[in-house]
Every structure is written in C-alpha cells, then in structure tokens.
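Read through the structure below, which is laid out as structure tokens, and then see the notes.
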Amino acid sequence: MTSTTTTVPDDHATKRRALRAVTIAACLPYLGLKIAWLSGSHAGIPEGSVLRDAGTELAVVNGVTVLMDAAVVVLALLLTRPWGRRVPAWLLLLPMWGAVGLLTPIMYGFPVQLLVRALGGSSPAAGSGGGDERPFLDEWVFGVVYTGFIVQGLALGALFVLYARDRWGHLWQGTAGDPAAAAAAGRGQRAAVTVAAVLAVVPGGVHLLWACGWSAGLAPEVARTQGAGFAAVESGYVLYAAATVAGIALLLSGVKRGSRLPLRVPLLLAGVGSAASAAWGGWQLLAMLTALSDDGRGPTAAMAVTYAVQVITGLLVLVAGARFFAARSARTPAAVAGRIAAGSRTGTGSRTGAGTRTAAGTRTAAGGLAP
C-alpha cells in the first residue's frame, strides 16, 4: 500500500516572524532604561525625584522588572520556534497568564488616561506627583514605556493566539452547552469558579466606589490623587471583575441549559478578567507592602484585603481552568483524530503514515493526542 505525503507551508510563518520582531523591539526601551538605571544613570529621573535617593531596594526592583520584561522576549521566541512546541504546557501557560494579567490593565488604563487628559480631565501619570510634590519621572518616560507595553501586549497576544490555536485549538471548539463541556466542568471546578465569581464582586464593588470618588479605605496620599485619571484606572478593575463574573456565569448557565454560545467567549472573559485582576492586584499588594508606612502611601486594611481577594479570585479561576482543559483534553482525542484523518483524506495539509501529523505539529498515534 502506497502512502502519500503532502507538505503544506505554514501560511502564518511570515506573520509570526513579524510579530516576534515587533514584540522584541517593543521590549527594548524599557529594558534599556532599567539597565541604564542599574548602571547609575539618571536618564528620565529629574532633579528632586525620590528615585535619586533610593538605594538597594530600588536596584532589586529594577533587577526583577528587567527579568520580567526579558521573559517576554523568551516567550516571543518560544511561541515562534520549533523547540517551543516541546515545552510543557504549564511552563508556557503560567508566564503567559502573568503577562496577560500585567499587560491588560496597562493596555486599557494608559489610553483611557490619555483620553481623559485630551478631554480636559486631570490624569497624573502613574506614580507621579501632583501639585507641589517633587517630580517622580519625566513625562516622556511614561509615554515611551507604556507605549512599549501596549505594543508588547498586542503582538505577544497575537503570537499566543496563533500558537494556541495550532496546539490546543480543539479544546475550546464547540459551544458552552456541548456534552463535552458539561463533562469537563466537574463538580470541583464548578464549585471553585462559583466561589471565584462571588469573591470577584467584592473588589469590583470597592473599586467602583473609589472610581466614583469615595476615599474611604484609601491611603491618604492615594486619596489625594483621586480625579478623572484615577477614576479611569479604577474603572478598569471594575471591568475585569465584571468580565470574570460574566464569563463564569455564561459558562455555568450554558453547561446547564445547553447554550449555543461559543465556548471560547466565556472562557476568554473569565480568563482575561481574572488574570488582570489577580496579577495587577498582586503587584499592587507587593508595592504597598514594600512602601514606607509613614509616607502616606502605606497599605490600609481595605486596600490590602481588596487586592488579596483579587489574587485569590484569579488563582481559583486559573486552577479550575487548568483542570477543565485537562479533563476536556482527555475526552476529545478520538474526535480530534477523526477530524485530522478527514483533513488528510481531503489533502488539507496533514501527513499520513505511521501516525498523523498536522501542519501544526500535533501527532496522534493509536488514538492518543500529544498535549
């Protein structure tokens, strides 16, 4: 019996290379500034800034953030190079979850603050002082750094979508009411995301109050920065909490009622919303806990609890989501193998032989699916 081999080039190869180059280039301004500061430069730090008086603690923070942005470069390579296909799922998804969580609030908050400023509202740059306070950083630093973060988020997100669609795309196909989705959403997962949805309401409500001008629970110096720009940033936290709750509600109700809503919609809402809440909440909590308690910015009980609940909510969704996809993967190899086989018979780019290998590199043998 003669087997035939059809080789189909990756129709997204050029797109992947371009996105990789854009992602890496977008990291360079931030990395350059941080390395310059670690080397003793004061580029972008005006006279009188508290950063000029900072010591070892700031050097440690700068070193950590350099490693974090360098990780984006590694992710861009992982998502576009052949060896990236062999990386265990958890080793990729955990840093991607963190990247989504940290970059999403910047991608939303910075443009909204610019819009507020364009409309005449007050929008002090994050971390900058106002009024007669000593300046923190030159204005251009925020524009350069945050623009770079936004480009990173867009390009890295596009790369991940292409990668994930090829490697795990079958896991979010179908609708929320599919039997496979219902079977994968076990009792433990449903309980975890239900608790997460209830918890998400707490920080969402607190941030809504702060966005509306309430200062109760805020540190004195933080409360002094309340204005249109502050409200714009706080509105983001409200949206992330709402997305988390909406995604969970749509998924659970869809599973029970046989909804025809595409499964990827509630998964995307809950995933991005909870990641943004948890990652940025954790970063804010860390920043507060390392701040001096007598500078007016030290953590209040309300702020600490709010950010801690955000972290807990995100971790619950993360763990439940991981178990959901693992269970769904275990239940779908036969169906996926059938679709791949059908693709090979119609010449859509699969290779037939001892096993079946798609253009994306997924291989099945005796009904097994590589993770």
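The values are calculated or read from the model by the stated rules, or taken from the named source; none is laboratory data. Quick caveat: nothing in here was measured; it's all calculated off a predicted structure. For neighbour counting, all protein chains shown are included, and Cβ atoms are generated from backbone atoms with ideal geometry for every residue, glycine included. These accessible areas exclude ligands, DNA and RNA; they are computed on the full protein's heavy atoms, side chains included. Shrake-Rupley method; radii C 1.70, N 1.55, O 1.52, S 1.80 Å.
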Scan (1) open to solvent by less than 40 Å² (accessible area, probe 1.4 Å); (2) at pLDDT 90 or above for the single condition residue 199 breaks and write down its number.
(1)
Checking the structure you have, find out if any residue of the range 250-257 is open to solvent by less than 10 Å² (accessible area, probe 1.4 Å) and either among the hydrophobic types (A, V, I, L, M, F, W, C) or more than 21 Å from the chain's Cα centre (by Cα) (or both).
yes
Identify, from the list 91, 78, 58, the residue that is within 24 Å of residue 271 (Cα to Cα) and surrounded by 12 or more Cβ atoms within 10 Å (Cβ to Cβ).
78
Identify, from the list 112, 144, 151, the residue that is in a helix (DSSP H, G or I), surrounded by fewer than 20 Cβ atoms within 10 Å (Cβ to Cβ) and modelled with pLDDT of 95 or more.
151
Scan the range 168-183 residue by residue and report those that are within 30 Å of residue 18 (Cα to Cα), open to solvent by 20 Å² or more (accessible area, probe 1.4 Å) and in a helix (DSSP H, G or I).
168, 170, 172
Residues in the range 46-75 that are under 20 Å from residue 157 (Cα atoms) and touching a Phe, Trp or Tyr at 6+ places or on another chain (Cβ under 7 Å): how many?
1
Conditions (1) open to solvent by 30 Å² or more (accessible area, probe 1.4 Å); (2) over 15 Å from the mean Cα position of the chain (by Cα); (3) of a type in the set (A, V, I, L, M, F, W, C) -> residue 45 fails only (1)
Among the residues of the range 216-233, how many are under 27 Å from the mean Cα position of the chain (by Cα) and outside any loop (DSSP other than H, G, I, E, B)?
7
Condition first: in contact (Cβ under 8 Å) with a residue 60 or more places away in the chain and either touching a Leu at 6+ places or on another chain (Cβ under 6 Å) or open to solvent by 30 Å² or more (accessible area, probe 1.4 Å) (or both). Now tell me which residues in the range 231-242 satisfy that.
233, 235, 239
Where a residue in the range 153-180 is within 22 Å of residue 275 (Cβ to Cβ) and among the aliphatic types (A, V, I, L, M) and its partner, wherever it lies, is in a loop (DSSP other than H, G, I, E, B) and open to solvent by 10 Å² or more (accessible area, probe 1.4 Å), with Cβ under 7 Å and at least six apart
159/80; 162/12; 176/259; 176/261
Looking at (1) open to solvent by 30 Å² or more (accessible area, probe 1.4 Å); (2) farther than 25 Å from residue 17 by Cβ; (3) within 16 Å of the chain's Cα centre (by Cα); (4) not charged (D, E, K, R), which is the only condition residue 101 fails?
(1)
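Let's see how each residue does on (1) of a type outside the set (A, V, I, L, M, F, W, C); (2) at pLDDT 50 or above; (3) open to solvent by 20 Å² or more (accessible area, probe 1.4 Å):
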{"residue": "289", "(1), (2), (3)": "no, yes, yes"}
{"residue": "306", "(1), (2), (3)": "yes, yes, no"}
{"residue": "342", "(1), (2), (3)": "no, no, yes"}
{"residue": "354", "(1), (2), (3)": "no, no, yes"}
Kindly check whether there is at least one residue in the range 239-261 that is at pLDDT 95 or above and in contact with a Phe, Trp or Tyr (Cβ under 9 Å, 6 or more places away or on another chain).
yes
